[in-house]
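Got a structure here, written out as structure tokens. Questions coming.
The values are calculated or read from the model by the stated rules, or taken from the named source; none is laboratory data. No experiment lies behind these values; they were computed from the predicted model shown. A quick note on method: Cβ atoms are made from the backbone with ideal geometry, for glycine too, and the neighbour counts reach across all protein chains shown. Heavy atoms of the whole protein, side chains included, go into the accessibility calculation; ligands, DNA and RNA do not. Shrake-Rupley method; radii C 1.70, N 1.55, O 1.52, S 1.80 Å.
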Amino acid sequence: MPGPTHATTLEKDIPQFNKDIKDVHLIYDYAAQDASGNPEKWRYEMWFFSSTRIVYKIHGGPMAGRTNFQTASYQCIRPRELWQCNWLEETGTICSLIYDIPKQTITTLLAFSEGHWENPEAAHGDKRNAEDFQRWRGLASIGCQIDRFLLNEQAGIVECFRGKGDLEPIEGDEETI
């Protein structure tokens with residue numbers, strides 16, 4: 001393989017994507033625990049920008065302070081109800097998110113690369129800053145494919161609306177890996 005490749009959203013799913021989740025902006029909280037086992041909220045913000053891109057910001061938890069956009073693919077599980085969004089990060093982390101529209105929940109599986117999980121502060125910043133982007137890429141080279149931390153969590157959606165909100169828009173053709 002010459003470089004990272006991404007699945008694409010199937011053409012048959014695009015019309016339903018446009019109806020159900022295109023331009024949808026979610027703010028959601030994971031009920032997580034800190035290193036000592038105490039309950040804490042991890043707030044995330046996700047904007048389903050287009051059928052090929054997501055834009056997000058992390059406000060709480062170990063990855064708080066991370067602003068990013070990624071190439072993503074979507075799968076319609078059940079129209080108007082369930083969507084899956086998948087992406088690979090420049091850190092080597094693999095993300096899979098299920099958006100349950102009627103229940104207003106997010107269910108995720110994150111396969112953090114060793115570099116990303118063990119160095120959360122190095123994963124902070126904004127991809128639009130070239131220094132942050134390069135540092136994040138370096139995190140992918142720490143460890144090997146099986147040196148991962150798998151994290152599965154469920155979050156309740158606090159806000160759901162259309163548009164960018166406070167997130168900075170992208171053009172949609174930026175380099176993501």
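I'd like the full set of residues that are surrounded by fewer than 18 Cβ atoms within 10 Å (Cβ to Cβ) and either among the β-branched types (Val, Ile, Thr) or modelled with pLDDT of 95 or more (or both), limited to region 30-49. Please lay out each step first, then the result.
At the first step, the residues of region 30-49 found to be surrounded by fewer than 18 Cβ atoms within 10 Å (Cβ to Cβ) are 31-41, 43.
43, the sole residue that qualifies.
Given the structure, is residue 130 more than 19 Å from residue 30 (Cα to Cα), modelled with pLDDT of 90 or more and surrounded by fewer than 13 Cβ atoms within 10 Å (Cβ to Cβ)? Write out each step before concluding.
Numbers: more than 19 Å from residue 30 (Cα to Cα): yes; modelled with pLDDT of 90 or more: yes; surrounded by fewer than 13 Cβ atoms within 10 Å (Cβ to Cβ): yes.
Against the criterion (more than 19 Å from residue 30 (Cα to Cα), modelled with pLDDT of 90 or more and surrounded by fewer than 13 Cβ atoms within 10 Å (Cβ to Cβ)), residue 130 qualifies.
Identify, from the list 97, 167, the residue that is open to solvent by less than 10 Å² (accessible area, probe 1.4 Å), over 26 Å from residue 36 (Cβ atoms), in a loop (DSSP other than H, G, I, E, B) and touching a strand residue (DSSP E or B) at 6+ places or on another chain (Cβ under 8 Å).
Only one candidate qualifies: 167.
Please list, ordered by first then second residue, the pairs with beta carbon atoms under 8 Å, 6 or more apart or interchain, first in region 161-177 and touching a residue at least 24 places away in the same chain (Cβ under 8 Å), second open to solvent by 30 Å² or more (accessible area, probe 1.4 Å) and among the aromatic types (Phe, Trp, Tyr).
Once the first residue is touching a residue at least 24 places away in the same chain (Cβ under 8 Å) and sits in region 161-177, its partners that are open to solvent by 30 Å² or more (accessible area, probe 1.4 Å) and among the aromatic types (Phe, Trp, Tyr) give 169/49; 170/49; 172/49.
Say we look at region 100-121 and pick out the residues that are part of a strand (DSSP E or B) and among the polar types (S, T, N, Q); which of these is surrounded by the fewest Cβ atoms within 10 Å (Cβ to Cβ)?
Taking region 100-121 first, the residues part of a strand (DSSP E or B) are 100, 105-113.
Now narrow it down to the ones that are among the polar types (S, T, N, Q): 105, 107-108, 113.
Numbers: 105: 14, 107: 16, 108: 18, 113: 25.
Among residues in region 100-121 that are part of a strand (DSSP E or B) and among the polar types (S, T, N, Q), the one surrounded by the fewest Cβ atoms within 10 Å (Cβ to Cβ) is 105.
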